[in-house]
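Worksheet: the structure to be examined is printed underneath.
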Amino acid sequence: MSRPWTDVVAEKRAIRDQKLAKSYGEDDAQLDPRIIAAKDISDLTSLLETRQVTCEAVILAHIAKAKEAHRRTNCLTEICFDEALQQAKELDAFQQEHGKLKGPLHGVPVSLKDQFDLQGLDSTLGYVGRAFKPAATDCVLVKVLKQLGAVIIAKTNLPQSILWGETDNPLWGLTTHPMNPAFTPGGSTGGEGTLLALNGSVLGWGTDIGGSIRIPAHMNGLWGFKPSSARFSYEGVAVSQDGQHQIPSVVGPMARTLNTLTSASKAILEAKSWTLDPQLPPVPWKEDVYQEYLRKPLVVGVMVDDGTVRVHPPIERIFREFCAKLEAAGHELVPWDTSLNLGCIKIMDEHYVVDGGEDIRRDVTAGGEPFMPHVQALVDRGSPISVYEYWQLNKRKKAQQAAYNAMWNAARSPSSGRPVDVLLVPTAPHTAIPHRTLRYPGYTKLFNFLDYTALSFPAGKTDKALDLPSPVPYEPRNAADAWNWGLYDIENMDGYDVGLQILTRVSTRQRISARRKKITRALYHYLVEPLGVLFLLRFPPVSLTVLIAAIAFSSVYVLNIAIQYGFSRPPYNFSETSVGVTYMATGMGFVVSSIVGGPWMDSIMKREARKAGRYNAQGRLIYLPEDRMKENAWVANTLYPLSLLWFGWSMYYGVQFMVPITALFVFGFSSMLHFTLGTTMLTEFVRKRSSAGVAVNNFVRNILSCGGTIIAAPWIHGVGVGYMMTTICVVCSLLGFLGIWLISRNAQKWRATMDEALKKMD
């Protein structure tokens, strides 16, 4: 008589929990922060290669993080910490003996979705009936990973049957999202998603038949890669509906960085896995193809809406922001035709149930466990079809794939006429959501049907300040759309990850990776690299000069709001045109200051150089940056705050309009002295980097100006123009005078230190 299924569950969980309870000393030792910070394969192998850390220390650290991740999310199934530590010690011994790493994945902690056979451990797929049937040997992927030096530390949870976008089964239980236990981490590779998100491993491997890698990647802020079929070995990987190859499940990696995916994929392909698995075509990594796609601008098909279920507001916002960045980087965008999408998905859904649910039903009944509700609905969806009907279904699939391919071929850039290289698509219509509410994986499963290469990447996060629902009620198109829209709750979804997909037609791995890396590089060039100039702020002459100029510049924006507010109200009641004319007073001050200020500053510099007797060998005067900041700076910093005070109280008491307008002229004159002073001083303080100095100034002053523009109106409403301008006057005066005094007193010493530091950087 067979055992009750609950007894099997209790025993399996007890074995796992006993292994998790075993101490390896990882709780007593301080985890090396360098190991924990190494999210990328290259960072970790660099530490190992230079012997800053050992493999054993790396694995111990990730055992500790894996245990912590499991306590929070219930993500682990099979534990192999003992074997991992033994392998780590062997790798350390190998490096000690040979003076090199064993392979490109030497010492990299790897986790596997529960499907992958690991000798001596079960591959249950969440089925109770597959428990206590350990694999006789490692699957091909694991064999290759170990040859390359990778260390397998654990297997992770999945849903019953794997055919679900969430992670729950009667054997191992429910896996929860790292940020919220009431939310799903996605599925079916959900255990991997949570473990990687919580730093329990560096590289994870999963499978994808409808979004099973990409959905957890999207929900957990990860990179997830679904290659086209037969790119990585499926030999020794358990799967539901084994034998159904029309919509094949594929193996792919997950990680926290793109480089980890690229490095791992390249290493696996260069190991020639096809010699161990005859189902793999002998297609090696082609570095020349990879580099080609890094160099050229791309034509990107964009599909923010698949025509069936509309994405939630934060996903649409992030998608459109990303499109703008692509265009700024020189890529062309082409709107994508969605007319064939639903037809593809319907044919795919028919393939899932051609056997009437028999394959899954047999696995569930073998262990006596209950059906999960989603699985029950799947197996009850229809009756098995005949062989002839199956052939007709396959013909329809082939015709639909051909139609989609023809549509792709016809899509061209309207500006250049070039064909589309890749598609950009949301990974899902929502972020992480409450358990058992995921009903529409159409944004991912479409591309399993087409067997396209797909990469989900982290593109942003939800923000309740930006992603409020539209005040206009949304009219859903269908039941799935209504269900999805009903899930939107920005208060409970604030701060969650949003992923997008980049896709291409059946292709080698390196093409899509190269395309994504090219886009990433462009974004880095336009968004991150420019921020490197901020290093100049660590030098006091630069930071103080920028501060003095920036606060003066930002006060212009506050003043402009005050002008519009004051002159449009009693006692002035100026029309819009008349208010606009008042701005000319400030502009006239700018013009006069530009004419007078330059010669005045030049005369001061000449005077100071002569006074100090600074001449070169040709008898020409030698000027120093601080020579520019003399009485002109003190005059400017006295007049422009006082002119703000003058304007503010004139407006407050409704004084005759020429009085505040005169104050505007004085402000324009004196503030322009500051602007000119700041720009010219920066170009001389940071010779050979003058454009960087000006860029820093622009960056800081624009940030302050933005803040001033935002707070000006509510500030005026709260205290009035007079009190606001008094506050600004005091702040600008104190900061300005302090900065001028410090530069005058310390300029020579600071400049010498800065010149020396900049020389070392040249």
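Summary of computed values
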{"quantity": "Pairs, first buried (at least 24 other Cβ atoms within 10 Å of the Cβ) in segment 194-206, second of a type in the set (Phe, Trp, Tyr) and modelled with pLDDT under 95, C-beta under 9 Å, six or more apart", "calculated": "none"}
{"quantity": "Output for segment 366-387, where each listed residue is touching a residue at least 60 places away in the same chain (Cβ under 8 Å) and either within 30 Å of Ala410 (Cβ to Cβ) or part of a helix (DSSP H, G or I) (or both)", "calculated": "Ala366, Gly367, Pro373, His374, Val375, Leu378"}
{"quantity": "Single residue of segment 351-362 satisfying the filter (assigned to a helix (DSSP H, G or I) and in contact with a helix residue (DSSP H, G or I) (Cβ under 6 Å, 6 or more places away or on another chain)) that is nearest to Gly165 (Cα to Cα)", "calculated": "Ile360"}
{"quantity": "One residue from Gly206, Gly210, Gly252 being within 26 Å of Asn394 (Cα to Cα), outside any loop (DSSP other than H, G, I, E, B) and not charged (D, E, K, R)", "calculated": "Gly252"}
{"quantity": "Qualifying residue in segment 67-76 (condition: in contact with a strand residue (DSSP E or B) (Cβ under 6 Å, 6 or more places away or on another chain), at pLDDT 95 or above and assigned to a helix (DSSP H, G or I))", "calculated": "yes"}
{"quantity": "Residue satisfying condition, being within 24 Å of Ser233 (Cβ to Cβ), in contact (Cβ under 8 Å) with a residue 12 or more places away in the chain and surrounded by 24 or more Cβ atoms within 10 Å (Cβ to Cβ), within set Thr124, Thr73", "calculated": "Thr124"}
{"quantity": "Segment 647-665, subset free of Cβ contacts under 8 Å to residues at least 24 places away in the same chain and under 52 Å from the mean Cα position of the chain (by Cα), residue nearest to Asn573 (Cα to Cα)", "calculated": "Ser650"}
{"quantity": "Selection status of Asp363, over 33 Å from the mean Cα position of the chain (by Cα) and at pLDDT below 95", "calculated": "no"}
{"quantity": "Those residues of segment 328-350 which are touching a Leu at 6+ places or on another chain (Cβ under 6 Å) and assigned to a loop (DSSP other than H, G, I, E, B), in sequence order", "calculated": "His331"}
{"quantity": "Residues (hydrophobic (A, V, I, L, M, F, W, C) and either farther than 25 Å from Val425 by Cβ or not in a loop (DSSP other than H, G, I, E, B) (or both)) located in segment 284-310", "calculated": "Trp285, Val289, Leu294, Val299, Val300, Val302"}
{"quantity": "Residue within segment 334-356 that is of a type in the set (Gly, Ala, Ser), over 29 Å from His430 (Cβ atoms) and surrounded by 14 or more Cβ atoms within 10 Å (Cβ to Cβ) present", "calculated": "yes"}
{"quantity": "Enumeration of residues in segment 452-487 that are part of a loop (DSSP other than H, G, I, E, B) and closer than 21 Å to Pro216 by Cα", "calculated": "Tyr452, Thr462, Asp463, Leu487"}
{"quantity": "Condition met for Lys146 (assigned to a helix (DSSP H, G or I), of a type in the set (Lys, Arg) and without any contact (Cβ under 8 Å) to a residue 40 or more places away in the chain)", "calculated": "no"}
{"quantity": "Any hit, segment 231-246, residues being outside any loop (DSSP other than H, G, I, E, B), of a type in the set (Phe, Trp, Tyr) and in contact (Cβ under 8 Å) with a residue 40 or more places away in the chain", "calculated": "no"}
{"quantity": "Test: residue in segment 429-451 that is in contact with a strand residue (DSSP E or B) (Cβ under 7 Å, 6 or more places away or on another chain), within 16 Å of Met303 (Cα to Cα) and not in a helix (DSSP H, G or I)", "calculated": "no"}
{"quantity": "Residue in segment 108-129 that is part of a helix (DSSP H, G or I) and closer than 29 Å to Asp277 by Cβ present", "calculated": "yes"}
{"quantity": "Pair list, Cβ < 7 Å and 6+ apart or interchain, from segment 263-286 residues that are closer than 16 Å to Ala230 by Cβ to residues that are basic (Lys, Arg) and assigned to a helix (DSSP H, G or I)", "calculated": "Ser265/Arg509; Leu269/Arg509; Leu276/Lys143; Trp285/Lys266"}
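The values are calculated or read from the model by the stated rules, or taken from the named source; none is laboratory data. Being a predicted model, the structure only gives us computed values, none of them experimental. Please note: Cβ atoms are built from the backbone with ideal geometry, for glycine as well, and neighbour counts cover all protein chains shown.
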